[in-house]
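Worksheet: one structure, shown below.
Only the coordinates and a few stated rules stand behind these numbers; no lab work does. All values derive from a computational prediction rather than experimental measurement. Cβ sites come from the backbone with ideal geometry, for glycine too, and all protein chains shown count toward neighbours.
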Number of protein chains: 2
Amino acid sequence: MEISKLGEFGLIDRLTEGLKNVNPSTLRGVGDDAAVMHYDDDRDVLVTTDLLLENVHFDLTYVPLKHLGYKAAAVNFSDICAMNGRPRQITVSLGISARFTVEHIDELYSGIRLACERYGVDLVGGDTCASHQGLVISITCLGDARRSDIVYRNGARPTDLICVTGDLGAAYMGLQLLEREKVASAGQKDFQPDFAGKEYIIERQLKPEPRTDIVEALAAAGIHPTAMIDVSDGLSSELLHICKQSNTGCRVMEDRIPIDFQTAVMAEELNMNLVTAALNGGEDYELLFTVPLTDHDRVSAIPGVKVIGYITEPSEGCAMVTRDGGEIPLRAQGWNPLAEQGE
Amino acid sequence: MEISKLGEFGLIDRLTEGLKNVNPSTLRGVGDDAAVMHYDDDRDVLVTTDLLLENVHFDLTYVPLKHLGYKAAAVNFSDICAMNGRPRQITVSLGISARFTVEHIDELYSGIRLACERYGVDLVGGDTCASHQGLVISITCLGDARRSDIVYRNGARPTDLICVTGDLGAAYMGLQLLEREKVASAGQKDFQPDFAGKEYIIERQLKPEPRTDIVEALAAAGIHPTAMIDVSDGLSSELLHICKQSNTGCRVMEDRIPIDFQTAVMAEELNMNLVTAALNGGEDYELLFTVPLTDHDRVSAIPGVKVIGYITEPSEGCAMVTRDGGEIPLRAQGWNPLAEQGE
């Protein structure tokens, strides 16, 4: 069905039909000039926003719309987790070009709604308009946390342990695989990409999960990280943010960086440097945080958390300690779309 | 200067340099994974968002970037006013295509920052990335209000008075004038558009002002509107929203609709129907609200507020009463970008 048949208000009615708010902090969602929330007096409010543009952040030739919607919501939830908070509400703005049908937008929205349901987040508002240019997705997420629980990037101190969740580099290798199959499929009808044995890295690229479980686990373990950030641009880039804002240096142990088997196989197959992928790949949406040395045993006991290094005095600089004991300075080689633009 | 020279983080540092937060509710602004706010326990939190796309919502051949920034912020503040709240914080996401220089983005941001300063709003976050498509601006605004002060669209009751602030149709006629001069200038070098005597309608189009003054005046007068909305899509469309959500009808008096002299002159010059422009023009960002009949004298005493009609039973439908006593049904002929798209 063409979107113009429904018009803006008809489309919004369709997309928001049956929405139910699950958070007590949501008083009024979609349907007025603004949504209305109330947060308990012991809570601070967190807000973060992400803008996703077609052919910059995603390529619809291999990203299914439902996955795209899920990811667009999930990456915002991840930013709230990175403050040690819980995501509560999102607004979703869409710029839709004429090649999309109502069914396409239904698909996209079903992914957004699935992510909201899974993480207990209310979709409370947004804006929907035509785009002459391609799909535009802008999501803003509100969350909350007790003030004493909030973790900034600037609290790391020398001797603190550097911890990371999950594994790194898989989303990047998944992207490389998708790009390879896109090239291979060019001009071929009914091309069947070969993803056998590589499901994990594809899923990491297409459907990242925010680590709300880690936020819960840290609280349960009584651990208050001194600094935290989520890994969207790559481990190197994020560590440099923490060290710059905390005025420290750091050492990361190459042999401690968690890497999945499929990531390693794919790097081998593509003849790419595995550690570079893990350091600079980005889009893992894992949590990178620092804790006092005294938390070593408690933090190591949390499943999925790995200690990968330590914070130093700023004069030591930021470096990776290689397997042979050498040191390589960390550089922010992460994904920098503003240096790559092609228009 | 090319933006790629600065990179994303360099550009953000430059744009957010010297930002000072003025609202006590802003605890931490730009610079971490999320901004942090705390609202007093007697306040509810309002959130609204708008997405503006180049060549859909604005045309840079005649919209100066500074005005565009100002307007992008102002229209969000207006949505908070329409809830009878005060705007407090915004996040700004930009998608920037390669034809823009750092100085262009400085200009855009100077308009956003001017609007923030003028209305006491803190710029607390955002996202900046490359666009292959044209300029993308997504702004989300947070505001607050006491729960008892919040006004929704659904509270209008039969016999309530319909009130509107300022005057209507000027922004639309300003747009017509800008479009006319754009056509006239096509292919001409050093073309000087002729806006003499039409400054007001140009300003209404390029630099709308949110009616925070009316929110203050209503509070000072002890008036609590029963329903409220801001006029972004046109008087007809907004009145129909109020009547639909309140389950009422309405009558608007043609001869009570406030229209500025320049709006009338421009309509005459372009041979357009003046009342149609005022009813359906949109982008006025005035406040449209209803009050109980008993508030007539108090509301009429507020400068810039005009009573233009009254709410009826739903069976009466929604209509304009013409000067000769006839009735014309109101229709939502407002700006509907999803029915107009051209890709």
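Here are some notes:
- Report summary: the helix-based calculation at 222 nm, which adds -39500 (n - 2.57) for every DSSP H run with n ≥ 4 and divides by the residues of chain A, gives -10000 deg cm²/dmol.
- Note on segment A:17-93: the alpha carbon radius of gyration divided by the globular reference 2.2 N^0.38 Å gives 1.28.
- Relative contact order (percent, whole number), chain A, Cα cutoff 8 Å, 6+ residue spacing: 21 percent
- Evaluated over segment B:3-149, the Cα radius of gyration and Dmax, each in Å: 15.2, 51
- Size descriptor, Kirkwood hydrodynamic radius, that averages inverse alpha-carbon separations across the protein assembly as shown, Å: 26.6 Å
- Teacher prompt: B:ALA196 distances to equivalent labels in other copies, 7 Å Cα→Cβ, nm: 8.0
- Gaussian network model of chain B, Cα within-10 Å springs - most flexible of B:ILE90, B:ILE162, B:ILE12: B:ILE12
- Here the dipole of chain A is about 220 debye; that uses its Cα centre as origin and unit charges on the Cβ of Lys and Arg (positive) and Asp and Glu (negative).
- Neighbourhood charge, 15 Å Cβ-Cβ cut-off, centred on B:ARG298 and excluding it, Lys, Arg +1 and Asp, Glu -1: -3
- With only the Cα atoms considered, segment A:51-118 has a convex hull volume of 94 Å³ per residue.
- Panel note: the C-alpha atoms of segment A:229-286, placed on their principal axes, show extents of 39, 21, 15 Å (largest first).
- Rg and Dmax of segment B:143-190, based on Cα coordinates, read 20.5, 57 Å.
- The modelled label-to-label distance between B:ASP13 and B:ILE328, using points 7 Å beyond Cα along the C-beta direction, is 5.9 nm.
- Inverting the pair-averaged 1/r between distinct Cα atoms of segment B:161-334 gives 16.9 Å as its Kirkwood hydrodynamic radius.
- Residues A:ILE96, A:ILE80, A:ILE308, sorted so that the one with the fewest Cβ neighbours within 10 Å comes first: A:ILE308, A:ILE96, A:ILE80
- Under a Gaussian network description of chain B, with springs only between Cα atoms under 10 Å, the residue in B:ASP127, B:ASP106, B:ASP190 that fluctuates furthest is B:ASP190.
- Stokes-Einstein D in µm²/s, Kirkwood radius over Cα pairs - segment B:90-181 at 37 °C with 0.692 mPa s viscosity: 191 µm²/s
- Under 29 Å of direct C-alpha separation, and excluding same-chain neighbours fewer than eight residues apart, A:LYS20 reaches these lysines: A:LYS5, A:LYS66, A:LYS71, A:LYS207, B:LYS244.
- Least to most buried among B:LYS20, A:LYS306, A:LYS5 (fewest other Cβ within 10 Å first): B:LYS20, A:LYS5, A:LYS306
- Listed by Cβ neighbour count within 10 Å, with the fewest neighbours leading, A:MET37, A:MET272 appear as A:MET272, A:MET37.
- For the residues A:GLY222, A:GLY29, A:GLY234, a GNM of chain A with alpha-carbon springs under 10 Å puts the largest fluctuation on A:GLY222.
- Whole-Å semi-axes of the ellipsoid equivalent to chain A (Cα gyration tensor, √5λ, descending): 35, 27, 16
- Ascending distances from the A:ARG323 label point to its copies in the other chains, with the point 7 Å along the Cα-to-beta-carbon line: 8.8 nm.
- If you take the Cα centroid of segment A:10-27 and the Cα centroid of segment A:138-161, the two points sit 29 Å apart.
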